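Enquirer: Please find one structure pasted underneath; my questions will follow.
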Amino acid sequence: MRFGVVTLFPELLDAFLAAGVVGRAVKNSSIEVQLENPRNHTVDGHRTVDDRPFGGGPGMVMKAEPLGRAIQAVKQSMPLAKTIYLSPQGRPLTQAMLRDWSKLPGIILVAGRYEGIDERVIQRHIDEEVSIGDYVLSGGEVAAMVIVDGVSRLLPGVLGHPDSAAEDSFGEDGLLDHPHYTRPEWLDDLEGASDATEHEDTRSVPAVLLSGDHKLIAQWRRDAAIKRTWERRPELLANATISVAERKQIEQLNRAGRDGATEPQQVEKNEQDH
Ligand code: ADE
């Protein structure tokens, strides 16, 4: 998979592309990343990349010509790539979008700075505008890194274990992930610094995970994933792949929630019931 990132601050990506899962993907050539700086596509002595907005107002706008030329330069080396502009006005990013894009030959990510980019660049060069959430960042670089990371880890051979991506939170079943534990089995309180909550046992591990019974463990994890999704992101349950028995379990949680005065959750009927 080839990525292009068009950015005024390519150095922001240096550590990101050298470490962890993405760093390994670069080193073993699962991904290739071309960084393109619009400043290198200016023709004036000052290497100007921004200017004041027509119509007035605060801040600066990224100029069309150097940015357009930088995008063209990357498109030339990856003509089949999809070109994405990162901005809060874009389509909200989801795991399903990352999954679709992981099948593409290439992705060009255009990171804006200042108040934004000249709209004509979007009209001419951009296939899709994407947001990573309802908040405003000072530039699109972090959002570009989010997409490089999220897509790379779905590519064959990038994660150590082939099941790792399939078992993610927001995996194919659309549920949040279950809790995870590792050694030690018993975690003592730190001297004079216990943050233990009143209701939770924060020292031990759920016994079932130590039982060696893989069927029981799988069942516990599935129940925990459903309960977590119900508690934290009930709206996800409408599109999750859930069995009829599990949907009954959710209805029970809803009733208990109402009676127990915890958050009542409305779960819509799901097309994918089986
Ligand atoms: N650039 C600035 N804010 C952003 C956001 N929320 N998503 C994507 N790109 C951005």
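The values are calculated or read from the model by the stated rules, or taken from the named source; none is laboratory data. Worth saying up front: this structure is predicted, and the values here are computed from it rather than measured. For neighbour counting, all protein chains shown are included, and Cβ atoms are generated from backbone atoms with ideal geometry for every residue, glycine included. Protein only, heavy atoms only, side chains kept; ligands, DNA and RNA dropped before computing areas. Shrake-Rupley method; radii C 1.70, N 1.55, O 1.52, S 1.80 Å.
Enquirer: Distance in nm between label sites at ASP134 and SER29, each 7 Å beyond Cα in the beta-carbon direction?
Expert: 4.6 nm
Enquirer: I'd like the FRET efficiency for ALA256 and LYS82, computed as 1/(1 + (r/R0)^6) with the beta carbon distance as r and R0 of 35 Å, rounded to 0.05.
Expert: Details: r = 46 Å, r/R0 = 1.30.
Result of the calculation: an efficiency of 0.15.
Enquirer: Size of the dipole of the chain about the Cα centre, Lys and Arg at +1 and Asp and Glu at -1 on the beta carbon, nothing else charged, in debye to 20? Mind showing how you got there, number by number?
Expert: On the way: 31 positive and 43 negative charges, 211 e Å.
The calculation lands at about 1020 debye.
Enquirer: A further question on this structure: Quickly rank 1-11, 117-127, 203-213 as a protection proxy: mean count of other C-beta atoms within 10 Å, highest first. The partial results should precede the final answer.
Expert: Numbers: 1-11: 21.0, 117-127: 16.4, 203-213: 12.7.
Ranking, from highest mean packing down: 1-11, 117-127, 203-213.
Enquirer: At 7 Å along Cα-to-Cβ for each site, give me the label-to-label distance between ALA96 and GLU115 in nm.
Expert: 3.6 nm
Enquirer: Mind jotting down the distance between the C-alpha centroids of segment 22-37 and segment 96-144, whole Å?
Expert: A separation of 18 Å, based on Cα centres.
Enquirer: Just tell me which lysines come within less than 25 Å, Cα to Cα, of LYS103; anything on the same chain fewer than 8 places away is out.
Expert: LYS27, LYS75, LYS82
Enquirer: Cut-off under 28 Å on the C-alpha distance; same-chain residues fewer than 8 positions from LYS248 excluded. Which lysines are left, in chain and number order?
Expert: Partners found: LYS215, LYS227, LYS269.
Enquirer: In the chain, what percent of the accessible surface is made up of carbon and sulfur (1.4 Å probe, ligands and nucleic acids excluded)?
Expert: Of the solvent-accessible surface of the chain, carbon and sulfur hold 51 percent.
Enquirer: Right, something else. Segment 34-90: which trypsin sites (Lys or Arg not before Pro) are DSSP loop and have at most 16 other beta-carbon atoms within 10 angstrom?
Expert: ARG47
Enquirer: For every other residue with a beta carbon closer than 12 angstrom to the beta carbon of VAL49, add +1 if it is Lys or Arg and -1 if Asp or Glu, then tell me the sum. Let's see the in-between values first.
Expert: Values: positive: ARG39, ARG47, LYS63, ARG69, ARG113; negative: ASP44, ASP50, ASP51, GLU65, ASP118.
Computed value for this residue: 0.
Enquirer: For the chain, just say rounded, prolate or oblate: build the C-alpha gyration tensor, square-root its eigenvalues into a ≥ b ≥ c, call rounded for a/c under 1.5, and beyond that prolate if a/b exceeds b/c, oblate if not.
Expert: Details: a/c = 2.17, a/b = 1.97, b/c = 1.10.
Taking the square roots of the gyration eigenvalues as a ≥ b ≥ c, the chain is prolate.
Enquirer: Another one. Taking segment 142-187, which chymotrypsin sites (Phe, Trp or Tyr not before Pro) meet the DSSP loop condition and have no more than 10 other C-beta atoms within 10 Å? Intermediate results must be reported in sequence, preceding the final value.
Expert: Numbers: sites: PHE170, TYR181, TRP186; in loops: PHE170, TYR181, TRP186.
Listed in order of number, the matching sites are TRP186.
Enquirer: Please calculate how many Å² of accessible area the chain carries per residue, with a 1.4 Å probe and no DNA, RNA or ligand atoms counted.
Expert: On the way: 16530 Å² over 274 residues.
Per-residue value: 60 Å².
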